[in-house]
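Asks: Dumping the structure here so I can ask a few things about it.
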Amino acid sequence: MITPSEALLPATDRALLHRIAVAQAEGRTPSLAAAVVRDGRTVWTGFRGAVGDAEPTADTQYRIGSLTKSLIAVLVMRLRDEGLLDLADPLSAHLPGTGVGELTVAQLLSHTAGLAAEPPGPWWERTPGALRPELGDIVGGAPLRHPAGRLHHYSNVGYALLGALVARLRDMPWDEALRREVLDPLGMSRTSVLPSEPYARGWAVHPWADVLLPEPAEETGLMAPAGQLWSTVGDLCRYAAFLADGDARVLGADSLAAMRDPAAPPGRDSWDGGYGLGLQLMRAQGRVLAGHTGSMPGFLATLWVSVADGVGAVVLTNATSGPAVAATAADLVGIVADREPRLPGAWRPLPEVDPELLELTGVWYWGAAPFALRLAAGGSLELSPLGVPGRASRFRPAPDGAGWIGLDGYYEGERLRVVRAGEAATEGGADRPGAVSHLDLGTFVFTREPYEAGAPVPGGVDPQGWRAGES
């Protein structure tokens, strides 16, 4: 239920409806269901066409195809967070006998393993999974198309292997693990391996006539982790909210942020997209979107989230081809984000402050370049150049208590240390009482004055100090 306080402006509502109406009409799809989520809540739903004799609803199931892969990736990241695997582990460490055991978990997640896009035999999406009863049947005898780790090559086979990996480590079918660990906690009760009423039937639309042909809806067996699931716009809005903010019951915000980080380059012809760890990435209308597209015979699906805007959108259709659902979902995000931009959070003073941290704030100099160091919530620090472009980063306290660790930018992963008088600037050394001498940031020295005399500036400071220009 959308409450009045959450409702969009009438003009925004109309623009969203117009966008999906154009997509459904020009894409010639029997039905289209769409929804928008903002700051964790569904704020708009829209439907066009018909499923049977009725308009679809937020509870109508559609097949979501490769959106299934993103859910498999969430399960794998849970295994990582529990310490049951490392993303750098070879597949053989946990799932022996595949014939491609040297490939790493991270490579499979990011489609950089070099595996074939499809399994051997007839098109798996339109044939029974029983045709490939063993893992060897989906991998085949010569599965590699590229050297592992070199480039992005989308592979349905890779995600079938990841589903088998989840099943082995959880000692249960992958879909049962998904139900227990992700779907139930998020309230996604209408997401399932097999459809249940009400659900849309899949159709092919004749390219030159407005007539339909039913598409098969096969159970895909071991290939199911690559694209089997059915879901609704209602459920996928809950999932979109999770992908934006995380949920401690399923996966934390830090792990989801890692999934959104580019792990594979885009294709040779486009720099507008990429792939993370189980999530597709796209740059559209000046914003970065994360999510996934999906297709199966008779169905197209897309979910995009703009984390910066707090807005996500879902579009589901029951046609094999035609509607540009990825572009439509991106446009829905843009319509809401542009017409009703996110309100900044209310500024509030820090509840408490460490005087030693407050002492560090203000202007520091890297050589002669001025930087500002600011104290933020939770004891984190923000370092940014003053007046000119430069290297800016945020820092959070290091787990070992020795300084801070960079979160982004050039200094991501680097350690920022406060060096006090009489203390050797050895990385990892604990801060001790005494006057602050300088900041050490990955060997870069920041001082309170430009090229401060007596400070341990690499290469030294000319003892004559600053001087007038020489002719």
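Asks: Tell me whether the range 93-101 contains one or more residues that are without any contact (Cβ under 8 Å) to a residue 12 or more places away in the chain and assigned to a loop (DSSP other than H, G, I, E, B).
Replies: yes
Asks: Ok, one more. If you check residue 367 against the conditions, is it of a type outside the set (Ser, Thr, Tyr), at positive phi and outside the structural domain of residue 49 (by TED's automatic domain parsing)?
Replies: yes
Asks: Please identify the pairs in which a residue from the range 108-130 that is in the same structural domain as residue 95 (by TED's automatic domain parsing) and without any contact (Cβ under 8 Å) to a residue 40 or more places away in the chain has its Cβ atom under 8 Å from the Cβ atom of a residue that is among the β-branched types (Val, Ile, Thr) and part of a helix (DSSP H, G or I), counting only partners at least 6 apart or on another chain.
Replies: Pairs found: 118/157; 120/138.
Asks: Hey, among 200, 160, 167, which residue is assigned by TED's automatic domain parsing to the domain that holds residue 114, out of contact with any Phe, Trp or Tyr (no Cβ under 6 Å at 6 or more places or on another chain) and small (Gly, Ala, Ser)?
Replies: The match here is 160.
Asks: Still on this model: Just checking, how many residues over the range 387-408 are touching a helix residue (DSSP H, G or I) at 6+ places or on another chain (Cβ under 7 Å) and either among the aromatic types (Phe, Trp, Tyr) or assigned to a loop (DSSP other than H, G, I, E, B) (or both)?
Replies: Counting residues in the range 387-408 that are touching a helix residue (DSSP H, G or I) at 6+ places or on another chain (Cβ under 7 Å) and either among the aromatic types (Phe, Trp, Tyr) or assigned to a loop (DSSP other than H, G, I, E, B) (or both) gives 2.
Asks: Related question: I'd like to check something: does the range 38-53 contain any residue that is assigned to a loop (DSSP other than H, G, I, E, B), within 17 Å of residue 232 (Cα to Cα) and under 25 Å from the mean Cα position of the chain (by Cα)?
Replies: Of the range 38-53, the ones assigned to a loop (DSSP other than H, G, I, E, B) are 39-40, 50, 52-53.
Now restrict to residues that are within 17 Å of residue 232 (Cα to Cα): 40, 50, 52.
If we keep only those that are under 25 Å from the mean Cα position of the chain (by Cα) too, we end up with 40.
Yes, the conditions are met somewhere in the range 38-53.
Asks: Within the range 336-348, is there a residue that is touching a helix residue (DSSP H, G or I) at 6+ places or on another chain (Cβ under 7 Å), modelled with pLDDT of 95 or more and of a type in the set (Gly, Ala, Ser)?
Replies: Checking the range 336-348: not a single residue is touching a helix residue (DSSP H, G or I) at 6+ places or on another chain (Cβ under 7 Å), modelled with pLDDT of 95 or more and of a type in the set (Gly, Ala, Ser).
Asks: Could you list, in sequence order, the residues of the range 122-179 that are polar (S, T, N, Q), over 22 Å from the mean Cα position of the chain (by Cα) and crowded, with 21+ Cβ neighbours inside 10 Å? Steps first, please.
Replies: Looking only at the range 122-179, we keep the residues that are polar (S, T, N, Q), and these are 127, 155-156.
Then keep just the ones that are over 22 Å from the mean Cα position of the chain (by Cα); that gives 127.
Scanning the range 122-179 gives no hits.
Asks: Turning to a different aspect of this structure: Which condition does residue 56 not pass, out of (1) more than 15 Å from residue 323 (Cα to Cα); (2) assigned to a helix (DSSP H, G or I), if it passes all the others?
Replies: The single condition residue 56 does not satisfy is (2).
Asks: Among the residues of the range 341-386, which ones are assigned to a loop (DSSP other than H, G, I, E, B), among the charged types (D, E, K, R) and in contact with a strand residue (DSSP E or B) (Cβ under 8 Å, 6 or more places away or on another chain)?
Replies: Result: 342, single match.
Asks: Name every residue in the range 251-280 that is modelled with pLDDT of 90 or more, in contact with a Leu (Cβ under 7 Å, 6 or more places away or on another chain) and in a strand (DSSP E or B), in order of residue number.
Replies: Passing the criteria: only 275.
Asks: Need pairs with beta-carbon distance below 8 Å; first residue in the same structural domain as residue 19 (by TED's automatic domain parsing) and over 29 Å from residue 244 (Cα atoms) and within the range 42-59, second assigned to a strand (DSSP E or B) and of a type outside the set (S, T, N, Q); sequence gap 6+ or separate chains.
Replies: Partner pairs satisfying both residue conditions: 49/32; 51/199; 55/47; 55/48; 55/49.
Asks: Only one of these is under 24 Å from the mean Cα position of the chain (by Cα), over 16 Å from residue 340 (Cα atoms) and outside any loop (DSSP other than H, G, I, E, B): 75, 32. Name it.
Replies: 75
Asks: Cβ-Cβ distance below 8 Å, separation of 6 or more or different chains: which pairs start in the range 194-208 with a residue that is within 9 Å of residue 62 (Cβ to Cβ) and touching a residue at least 12 places away in the same chain (Cβ under 8 Å) and end on one that is part of a strand (DSSP E or B) and among the small types (Gly, Ala, Ser)?
Replies: Cβ pairs passing all conditions: 200/31; 202/319.
The values are calculated or read from the model by the stated rules, or taken from the named source; none is laboratory data. Everything numeric here is computed off the predicted structure, so don't read it as measured data. Note that each Cβ is placed from the backbone with ideal geometry, even for glycine, and that neighbours are counted across all protein chains shown.
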